[in-house]
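Student: This is the structure I have questions about; it appears just below.
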Amino acid sequence: MFLFWISLFVVGFALAWLTYQWACRMQLMAVVDLLWTFGLGLGAVAYLFYSGVNTPLGYTVCLLILLWSLRLSYHLFSDRVLKGQEDPRYASLAEFWGKDAKRNFLGLFFVQVVFVALFLWPVSVAIDAADMAWMWTDWLAIAIALVAMAGESLADRQLASFRKEASNKGKVCQHGLWRYSRHPNYFFEWLHWWTYVAFAWGSDSWWGTLLGPAAMYVFLRFLTGIPHAERSSLKSRGEAYRQYQLTTSAFFPWIPHEPQS
């Protein structure tokens, strides 16, 4: 499998370079997110065929990560690329980096290939474990994946519907899933990565799949997700968002509570 991972980086860096050129031409660095989401789906398909796993369970694992990849890639493409509006996170980075922005953004595109490899690892462990007989944990894995994708899709639609209303400009979405979590889309994204833990359960290397939910939680909760989203929301919605922070869970869905006096 060593050759597969080497090939992944070589092809990945080449695609990252081409995607970066496209992003520069469009003046839209938000394109970078598509490298990770779409690249992970392609990487999983490539790994399935390279590994030689030819079982219904192996194809099921690959199908679920591919569905995840296509859904999220389509959402990002339609929400960011087609609209031609830069993501506030990347606009802030461009302003912060100044004259070094182009060089640093190129590095950010290349880093996406590392992220693909990082999150492909638990998927590959689940695929390798797919030569075992079907167990109840495999049905649990399918249920987790479907609930996670449905929940994230619903959260995205609820937020998009809220933003379409001109009267909601400057307000905070607190409808549907957003009443119980400030970032329900991030929560369901994290939940999805437990899919591969359940698929690999019982294999000798199942513990390797824990990298998925562990890394995703760290990224979303402390690095690339919630911190940037919260700063942007505070900047655009001010006191309304501060009140939202006082009453609503940041990540895990929970019943809203009254702010402390």
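Student: If residue 202 meets every condition in (1) in a helix (DSSP H, G or I); (2) surrounded by fewer than 17 Cβ atoms within 10 Å (Cβ to Cβ); (3) of a type outside the set (Phe, Trp, Tyr) apart from one, which number is that one?
Tutor: It is condition (1) that residue 202 fails.
Student: Another question, if that's okay. Here are some residues: 50, 20. Which one is over 19 Å from residue 106 (Cα atoms), part of a helix (DSSP H, G or I) and of a type in the set (Phe, Trp, Tyr)? So that I can check it myself, show each step before the final result.
Tutor: Working: 20 fails: over 19 Å from residue 106 (Cα atoms).
That would be 50, the only listed residue that is over 19 Å from residue 106 (Cα atoms), part of a helix (DSSP H, G or I) and of a type in the set (Phe, Trp, Tyr).
Student: So, of the residues in region 165-199 that are closer than 26 Å to residue 235 by Cα and among the hydroxyl-bearing types (Ser, Thr, Tyr), which turns out to be surrounded by the most Cβ atoms within 10 Å (Cβ to Cβ)?
Tutor: 186
Student: Going through region 202-261 one residue at a time, which ones are without any contact (Cβ under 8 Å) to a residue 12 or more places away in the chain, within 24 Å of the chain's Cα centre (by Cα) and more than 21 Å from residue 159 (Cβ to Cβ)?
Tutor: Those that are without any contact (Cβ under 8 Å) to a residue 12 or more places away in the chain, within 24 Å of the chain's Cα centre (by Cα) and more than 21 Å from residue 159 (Cβ to Cβ): 207, 214, 218, 222, 223.
Student: Name the single residue, out of those in region 205-245 being in a loop (DSSP other than H, G, I, E, B) and within 23 Å of residue 145 (Cβ to Cβ), that is modelled with the lowest pLDDT.
Tutor: Residues of region 205-245 in a loop (DSSP other than H, G, I, E, B): 205, 224-225, 238.
If we keep only those that are within 23 Å of residue 145 (Cβ to Cβ) as well, we get 205, 224-225.
On the way: 205: 92, 224: 82, 225: 85.
This residue is 224.
Student: Condition check: touching a residue at least 24 places away in the same chain (Cβ under 8 Å) and outside any helix (DSSP H, G or I). Does residue 171 satisfy that?
Tutor: yes
Student: Considering only residues of region 75-121 that are among the acidic types (Asp, Glu) and part of a loop (DSSP other than H, G, I, E, B), which is modelled with the lowest pLDDT? Even if it seems obvious, please write down each step before you answer.
Tutor: Initial filter on region 75-121 (among the acidic types (Asp, Glu)): 79, 86-87, 95, 100.
Checking the rest, the ones that are also part of a loop (DSSP other than H, G, I, E, B) come to 86-87.
Working: 86: 83, 87: 80.
Filtering first and then ranking leaves 87.
Student: Follow-up. Can we say residue 158 is free of Cβ contacts under 8 Å to residues at least 60 places away in the same chain and touching a Cys at 6+ places or on another chain (Cβ under 9 Å)? Explain how you work it out, then say what you get.
Tutor: Numbers: free of Cβ contacts under 8 Å to residues at least 60 places away in the same chain: yes; touching a Cys at 6+ places or on another chain (Cβ under 9 Å): yes.
Against the criterion (free of Cβ contacts under 8 Å to residues at least 60 places away in the same chain and touching a Cys at 6+ places or on another chain (Cβ under 9 Å)), residue 158 qualifies.
Student: Considering only residues that are of a type in the set (Gly, Ala, Ser) and more than 29 Å from residue 146 (Cα to Cα), look in region 56-106 and name the one that is surrounded by the most Cβ atoms within 10 Å (Cβ to Cβ). Give the derivation first.
Tutor: Narrowing region 56-106 to residues of a type in the set (Gly, Ala, Ser): 58, 69, 73, 78, 84, 91-92, 94, 98, 101.
Restricting the remaining residues to those that are more than 29 Å from residue 146 (Cα to Cα) gives 84, 91-92, 94, 98, 101.
Details: 84: 10, 91: 14, 92: 15, 94: 17, 98: 8, 101: 15.
Ranking the qualifying residues of region 56-106, first place goes to 94.
Student: Among the residues that make up region 16-29, is at least one of them surrounded by fewer than 16 Cβ atoms within 10 Å (Cβ to Cβ), under 25 Å from residue 145 (Cα atoms), modelled with pLDDT of 90 or more and not assigned by TED's automatic domain parsing to the domain that holds residue 160? Full working, then the answer.
Tutor: The first filter runs over region 16-29 and keeps only residues surrounded by fewer than 16 Cβ atoms within 10 Å (Cβ to Cβ), leaving 17-18, 21-22, 24-27.
Adding the requirement that they be under 25 Å from residue 145 (Cα atoms) leaves none.
No; the residues of region 16-29 include none that is surrounded by fewer than 16 Cβ atoms within 10 Å (Cβ to Cβ), under 25 Å from residue 145 (Cα atoms), modelled with pLDDT of 90 or more and not assigned by TED's automatic domain parsing to the domain that holds residue 160.
The values are calculated or read from the model by the stated rules, or taken from the named source; none is laboratory data. Please read these numbers as outputs of a predicted model, since none were measured by experiment. Positions of Cβ are generated from backbone atoms using ideal geometry, with glycine treated the same way; all protein chains shown enter the neighbour counts.
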